[in-house]
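Down below is the structure, laid out as structure tokens.
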Amino acid sequence: MNLKIFDSPEALAEAAADELFSCVKEKPASILCLATGDTPLKTYQILVDRSIANGLDFSSVHFVGLDEWVGVPSHNSGSCAYFLRRNLFDPLNIVEDRIHLFDAVSPDLNSACTKMDNLIAGLGGIDLMIVGIGMNGHVGFNEPGVSLELNCHVIELDEVTKDIGQKYFDERIQLEAGITLGFQNIMKAKKVILMANGLKKADIIKRMLEEPISERCPASILRKHQKSCTFLDSPAASKLSPVIARVSSSN
Ligand code: F6R
């Protein structure tokens, strides 16, 4: 796994946007899987602006959902679907048949999972994933203690996720479960970039990169991915031991 540390959150966002831009430029029919949340927001804004300015063609790109709050419909402004539509799909004019998100209000969530697994396999796998890291080390909704053997699945949310997840919603909401790609899906992606910024992520980033790899900090599993890269700004990297932080300058 590679590690890159950037001087500012803006430089971090630019670099992640570069990765997405280059991926689509090199392979116009890319399969992308993108996290929602505070961390990648600036990246998506840069990507949208740059793509429009340069006429980058997204018409052949497929977008695959990473996760969703179970029971939350896509028109709820706190849903992952809403975030992606507002910040990416609408400004880039992505057509419906290229958008493949979880149906988190389906009466049959297991079928929704199988459908997503089959879809990803049918598309030939994910080319690039941009993921964040939760304060508890989750990736998507792969919560601490998750089985690493899982494909798409429904999972009971960790207390930290339930609590922090409130930030996406206008009113307090009961968050109990998530539907998410599993580590079997994530580890098969051709490239995974995990982004983190800000001092508040420094402790979990230290755990991710320095503790023994374990499902207790799910993001640490990405260290086993051949083509994964962690993009940090300097506050998020500030608690890393010098020997780990130095890796970034040798890449
Ligand atoms: C959201 C997702 C989550 C977030 C994580 C970090 O689609 O997959 O795992 O990436 O909770 O969220 P922020 O970036 O808001 O700190």
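The values are calculated or read from the model by the stated rules, or taken from the named source; none is laboratory data. Values in this document were obtained by computation on a predicted structure and should not be read as measured data. Methodologically, a virtual Cβ is constructed for each residue, glycine included, from the backbone with ideal geometry; neighbour enumeration extends over all protein chains shown. Only protein heavy atoms, including side chains, enter the accessible area calculation; ligands, DNA and RNA are left aside. Shrake-Rupley method; radii C 1.70, N 1.55, O 1.52, S 1.80 Å.
Quick look at the numbers
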| item | result |
| --- | --- |
| Residue match in the range 193-215 (condition: touching a Ser or Thr at 6+ places or on another chain (Cβ under 6 Å), within 28 Å of Leu119 (Cα to Cα) and open to solvent by less than 10 Å² (accessible area, probe 1.4 Å)) | yes |
| Residue list for the range 136-162, restricted to those being among the β-branched types (Val, Ile, Thr) and open to solvent by 50 Å² or more (accessible area, probe 1.4 Å) | Val154, Val160 |
| Options Asp233, Asp170; residue that is open to solvent by 70 Å² or more (accessible area, probe 1.4 Å) and modelled with pLDDT of 95 or more | Asp170 |
| Total residues in the range 136-153, condition outside any loop (DSSP other than H, G, I, E, B) and more than 10 Å from the ligand (Cβ to nearest atom) | 1 |
| Helices (runs of 4 or more DSSP H) completely within the range 1-119 that count 3 or more residues being open to solvent by 60 Å² or more (accessible area, probe 1.4 Å), away from the ligand (no atom under 15 Å from the Cβ) and over 19 Å from Cys152 (Cβ atoms) | 9-26, 41-54 |
| Failed item in (1) buried (at least 18 other Cβ atoms within 10 Å of the Cβ); (2) out of contact with any Ser or Thr (no Cβ under 9 Å at 6 or more places or on another chain); (3) of a type in the set (Ser, Thr, Tyr), with Ser238 passing the rest | (1) |
